[in-house]
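Asker: Got a structure for you, written out below as structure tokens; questions coming shortly.
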Amino acid sequence: MPREPDPSPAGVAPPDSAAASVVELAWALLDAYTRMKAASDRLTAAEGQSTPRLGVLREVAVHGPSTVAQIARQRGVARQGIQRLADELVDAGLARFTPNPAHQRSPLLALTRAGRDVTRRLLARQDAVARAIAPHLEPTSVRQAADVLRAFGELVSSVDLPGGMRGARRRPAPRLTGRVVR
């Protein structure tokens, strides 16, 4: 006979506490991320790209030419990973490194025409998915959820973690306008 799960296993906040609500939010977010990542991987593969590459392409499309370090900070990841993706995008002809007038040793990553075209097509595919999902959600609730997730992300980035570590540092998540730098 299957055993019912313990609603409050060792080390987990009581089910009626505010901390339990935060844990529930975190697990729901991780589940949604996993599903979104799988869908994004399928979507980007149709253009011969990957979700991480799309992240870098979109970052440059939205914010304009940026250094690898700027992109890494914005995405809350290691610079080395972004450098590898940037090099792949350059090798694929989707981006190029251009001189940075502010720092001679940190070139700017800029999109090529092909990079802008691929980014537009991929973002159009994402828009199609969003249009399919949108009728099933209340717009006000979606905006509120986005606000909660932005605040949650900022708190995760600033909280003291066990062992004296701090959460990932990054700029606040931007409100998306749908505009892409041309």
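Laboratory data are not the source of any read-out in this text; all were calculated from the coordinates shown. No experiment lies behind these values; they were computed from the predicted model shown. All Cβ positions, even for glycine, are placed from backbone atoms using ideal geometry, and neighbour counts span all protein chains on display.
Asker: Which distance in nm do the two modelled labels at Leu137 and Arg58 give, with both placed 7 Å along the Cα-to-Cβ direction?
Answerer: The two pseudo-label positions are separated by 1.2 nm.
Asker: Quick one: Karplus J couplings for the range 51-62, per residue in order, coefficients 6.51, -1.76, 1.60, θ = phi - 60°, nearest Hz, x for Gly and Pro?
Answerer: Per residue, the Karplus-derived 3J(HN,Hα) values read 4, x, 4, 4, x, 6, 4, 5, 4, 6, 5, 7 Hz.
Asker: Per residue of the range 70-83, in order, report the coupling 6.51 cos²θ - 1.76 cosθ + 1.60 (Karplus, θ = phi - 60°) as ³J(HN,Hα) in whole Hz, putting x for Gly and Pro.
Answerer: With coefficients 6.51, -1.76 and 1.60, one gets 5, 5, 4, 4, 4, 8, x, 10, 5, 4, 4, x, 5, 4 Hz.
Asker: Moving on to the next point. Give me the log10 of I(q) over I(0) for the range 27-113 at q = 0.11, 0.16, 0.21, 0.26 Å⁻¹, as the Debye formula computes it from C-alpha points; what are the numbers?
Answerer: Values, matching the q order: -0.32, -0.64, -1.01, -1.34.
Asker: For Asp31, what charge total do you get from the other residues with a beta carbon under 12 Å from its beta carbon, if Lys and Arg give +1 and Asp and Glu give -1?
Answerer: Numbers: positive: Arg35, Lys37; negative: Glu24.
Cβ neighbours under 12 Å give a net charge of +1.
Asker: Let me ask something additional. Give me Rg over Rh for the range 64-119, both radii from the alpha carbons and Rh done the Kirkwood way, two decimal places. Don't skip to the answer; put the middle values down first.
Answerer: Numbers: Rg = 10.8 Å, Rh = 11.3 Å.
Computed over Cα atoms, the ratio is 0.95.
Asker: How large is the Kirkwood hydrodynamic radius of the range 1-157, counting all unique pairs of alpha carbons, in Å?
Answerer: Working: mean 1/r = 0.0545 Å⁻¹.
Here the Kirkwood hydrodynamic radius works out to 18.4 Å.
Asker: For Ser66, enumerate residues with amide H under 5 Å from its amide H, sequence gap 5+ or separate chain, H modeled in the peptide plane.
Answerer: Distant-sequence amide H within range of Ser66: Leu109.
Asker: If R₀ is 25 angstrom, what is the calculated FRET efficiency for the pair Leu161 and Val90, using the beta carbon separation as r and rounding to 0.05? Intermediate values should be presented prior to the final figure.
Answerer: Details: r = 35 Å, r/R0 = 1.40.
After rounding, the FRET efficiency stands at 0.10.
Asker: From the C-alpha gyration tensor of the range 86-143, pull out the three semi-axes of the equivalent ellipsoid (sqrt of 5λ each), sorted largest to smallest, in whole Å. Mind showing how you got there, number by number?
Answerer: On the way: eigenvalues 239, 48, 11 Å².
Ellipsoid half-lengths, sorted descending, are 35, 15, 7 Å.
Asker: Can you work out the FRET efficiency for the pair Ala78 and Ala38, with r the C-beta to C-beta distance and R0 = 30 Å, to the nearest 0.05? Don't jump to the answer; show the numbers that get you there.
Answerer: Numbers: r = 23 Å, r/R0 = 0.77.
My answer for the efficiency is 0.85.
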